[in-house]
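The values are calculated or read from the model by the stated rules, or taken from the named source; none is laboratory data. Remember, it's a predicted structure, so these values are computed and weren't measured experimentally. Virtual Cβ from ideal backbone geometry, glycine too; neighbours counted across all protein chains shown.
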Amino acid sequence: MFTRIMTPVDLAHRDQLERALQCSADLASHYDVPVVYVGVTTEQPSPVAHTPKEYAAKLDKFVAEQTEKHGIKGEAHAMAAHDPTTDLDDALLKAVDEVGADLVVMASHIPNVFDYIWPSNGGKIAEHAKASVFVVRG
Amino acid sequence: MTDENNDTGVPAPEGAADIIDTDYQIGQDNIQTRLGPFGFDIHNPVFMISGLVVIAFVAYALIAPTHASDFFGWLRPALTSTFDWFFLWAANIFVIFCLLLIVSPWGSVRLGGTDATPDYGYAGWFAMLFAAGMGIGLMFFGVLEPAYYFGTPWGDEPLGVVRPFTEDGTLIEGNIEEARRMALAATSYHWALHPWAIYAVVALSLALFSYNKGLPLSIRSAFYPILGDRVWGWTGHIIDTLAVFATLFGLATSLGLGAQQANAGLEYVYGIPNSVTVQVILIIGITAIALVSVLRGLDGGVKVLSEINMVIALALLLFVLFAAGAVGIVSGFFSTLVAYVQEVIPLSNPHGREDTGYMQGWTAFYWAWWISWSPFVGMFIARVSRGRTVREFITCVLIIPSVVCIFWMAVFGGAAIEDLITDPQGSAVKAQVIDAYNPPLSLFAMLESLPLAAITSTIGIVLVIVFFVTSSDSGSLVIDTITAGGKVDAPVTQRIFWCTFEGLVAIALLIGGGLTSLQAMVISTGLPFTLILLVLCVGIVMGLMSEKRNT
């Protein structure tokens, strides 16, 4: 059914991702396919990491934890964006192609009125990605 | 707040950069909250104090307009006349400092670590440097300043150069060459190495401490080598608040005054009435475009607009160049370069000068002005300069823009002076700059003497407006980052807030009066910032030394 699952993660809000992570892990074991965890960071120092390099290291560690916890195969894919406030969606859409995923499992935020003006990340990915997209409410 | 950074301070440098070991965690003092549908992630002391102080000063200017304009109208010239030597020497030090960095071994340090690659190609990078740093000034002063120095009857000729006009306005043929040469050299002096060195110092220190040392992208980080962990406390709050304050008022007053200028241009060219209503509409329009730009982000908004602007500006430059006689102007450019090299030392020496009208009224004023803008422009340059080596960075922020600015001045100033001497009686430039000192119209007066004036004047107005947009959007990004404790990925609502706030301040001051007095106040902040910048130079050297030693 699927060959590769992509799950975007925000290391700064790890606690809000639990349901999405569980879901992608369950699907991965069901179809016996790997999960690619994609993290987008700023080039400027952020609360998560001082440099993109440090960020990549943290993402690797995160992936190692996930694969061990759920007993699945996983990879890390770190990306840097100039202005993540607005470029996040584009970076993620690019990542879908780069990692060759055919299913995206991602967490959503709680919908609010501003989603009518700026589409949510999940909404935009679902609208534009060629892969199937599973948006999991947090 | 989720904190993933418990092992901060000891991230593996991997031989790439010499990260500073501090217990401070970026965003640790931030509050993240939700107000109705709006999400916030703000550094509360800096955000609140900046916001409240701005409102307080606007209130002061509106409630006691006479007092405010008397006070700041006195303060600004008092500072630039009393401390003229200080401003001139500080700017000289910045130039020498930057030039030394190019040839020093520290020049090979790469911003962002040894393996970093540049975020932006040269075209986009230059476009953003110019649009944030000077754009609007080139439009405003490109004609005004050379024409003014050439023909000034007010006794503020640079270095007391000869006047080309007699009292009754007839040309003195023998003096033209010397007056032209000095007018272009003295203008270039204000737009070449010195201002860009000021920007380069601020930008380099921010880029170094952010990309190589892992500190948040905020003005306070540059003080880390000197103040240590105190920069995360109130000392740092005050530094950041001052930067936000100068940036916001600098932008808002320029926006208000710029709307008046654009309106003057519209009246001159199209006969659109010069009224507060039109100006408020202009501010709303500019702010609206800037809003779209910040919402589209750095790559999709600011960069795209900057590039569009560069193309239009280049087209206008080439048009003026060819319409006003390319051969004469290009040779004028080379003689301006030579004159600049010859005169830059006498012009930048503050001692034993008799031309105080020029030195205090123009040079010291400019230096204070560039310096008060430097936190904003410097931070923006830092944001887009990751991956360059120090040598490449200084060369590209100092030398290349200087040459471009001198060329711009040679073209626009050269064309204006040509217009002045061809027909002194009928010259529109002379009428607007010398006879009736009317700065906003100087550019349009010069374009009038060239063919296709209706089209080029329209392009001129469009350029002025778009340059305001590019200042406004990059400024909003900078203020947002500082008030979010150095986070560049704060919620989009905050950008909207600052961009709108800036427009509202401009409108309030435009309707209530007080633009000029508050702009004088902003320029007055140039004095404390000059001290700060001198300290930054020391910090840069300390940072580069440790970088060189440990990587």
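Residue-level analysis places B:Ala259 among those that are in contact (Cβ under 8 Å) with a residue 24 or more places away in the chain and part of a helix (DSSP H, G or I).
B:Ile399 meets each of the listed conditions (1) surrounded by fewer than 24 Cβ atoms within 10 Å (Cβ to Cβ); (2) more than 20 Å from B:Ala91 (Cα to Cα); (3) not small (Gly, Ala, Ser) apart from (2).
The residues of the range B:284-311 that are of a type in the set (D, E, K, R) and either in contact (Cβ under 8 Å) with a residue 24 or more places away in the chain or away from chain A (no Cβ under 14 Å) (or both), listed by number, are B:Lys303, B:Glu307. Residues that are out of contact with any Lys or Arg (no Cβ under 8 Å at 6 or more places or on another chain), of a type in the set (D, E, K, R) and modelled with pLDDT of 90 or more do occur in the range B:343-357.
Restricting attention to the range B:347-379, the residues being without any contact (Cβ under 8 Å) to a residue 60 or more places away in the chain and crowded, with 24+ Cβ neighbours inside 10 Å number 0. Being without any contact (Cβ under 8 Å) to a residue 60 or more places away in the chain, closer than 15 Å to A:Pro8 by Cβ, surrounded by 20 or more Cβ atoms within 10 Å (Cβ to Cβ) and not hydrophobic (A, V, I, L, M, F, W, C), is that true of even one residue in the range A:94-101? No.
Spot the failing condition for A:Met1; the list is (1) farther than 14 Å from A:Ala76 by Cβ; (2) of a type outside the set (Gly, Ala, Ser); (3) out of contact with any helix residue (DSSP H, G or I) (no Cβ under 8 Å at 6 or more places or on another chain); (4) surrounded by fewer than 23 Cβ atoms within 10 Å (Cβ to Cβ), and only one is missed. Looking at each condition in turn, A:Met1 falls short on (3).
The condition of being within 24 Å of B:Phe72 (Cα to Cα) and surrounded by fewer than 24 Cβ atoms within 10 Å (Cβ to Cβ) holds for only one of B:Leu463, B:Leu510, that being B:Leu510.
Suppose the filter is surrounded by fewer than 24 Cβ atoms within 10 Å (Cβ to Cβ), more than 30 Å from B:Val327 (Cα to Cα) and of a type outside the set (Asp, Glu); does B:Pro491 pass it? It is true that B:Pro491 is surrounded by fewer than 24 Cβ atoms within 10 Å (Cβ to Cβ), more than 30 Å from B:Val327 (Cα to Cα) and of a type outside the set (Asp, Glu).
Hey, among B:Asp435, B:Asp480, B:Asp473, which residue is more than 14 Å from every other protein chain (Cβ to nearest Cβ) and acidic (Asp, Glu)? It would help to see each step written out before you state the result.
Values: B:Asp480 fails: more than 14 Å from every other protein chain (Cβ to nearest Cβ); B:Asp473 fails: more than 14 Å from every other protein chain (Cβ to nearest Cβ).
Of B:Asp435, B:Asp480, B:Asp473, the one residue that is more than 14 Å from every other protein chain (Cβ to nearest Cβ) and acidic (Asp, Glu) is B:Asp435.
Could you tell me whether B:Gly228 is within 14 Å of chain A (Cβ to nearest Cβ) and at positive phi? So B:Gly228 fails the test. Residues that are touching a strand residue (DSSP E or B) at 6+ places or on another chain (Cβ under 7 Å) number at least 3 in none of the helices (runs of 4 or more DSSP H) confined to the range B:313-395. Might you let me know whether the range B:7-25 holds any residue that is modelled with pLDDT of 80 or more, polar (S, T, N, Q) and crowded, with 17+ Cβ neighbours inside 10 Å? Scanning the range B:7-25 turns up no residue that is modelled with pLDDT of 80 or more, polar (S, T, N, Q) and crowded, with 17+ Cβ neighbours inside 10 Å.
Across the range A:65-91, the qualifying residues are those that are among the aliphatic types (A, V, I, L, M), under 15 Å from the mean Cα position of the chain (by Cα) and more than 12 Å from chain B (Cβ to nearest Cβ), and the one among them that is nearest to B:Lys303 (Cα to Cα) is A:Met79. Against the conditions (1) under 15 Å from the mean Cα position of the chain (by Cα); (2) facing chain B (nearest Cβ under 10 Å), A:Ala57 satisfies every one except (1). Against the criterion of being under 26 Å from B:Thr481 (Cα atoms) and either more than 14 Å from every other protein chain (Cβ to nearest Cβ) or more than 14 Å from the chain's Cα centre (by Cα) (or both), A:Pro45 qualifies. Against the conditions (1) more than 23 Å from B:Ile172 (Cα to Cα); (2) touching a residue at least 40 places away in the same chain (Cβ under 8 Å); (3) out of contact with any Lys or Arg (no Cβ under 8 Å at 6 or more places or on another chain), B:Cys396 satisfies every one except (3). Could you tell me whether the range B:84-94 includes any residue that is aromatic (Phe, Trp, Tyr) and closer than 30 Å to B:Ala508 by Cα? No.
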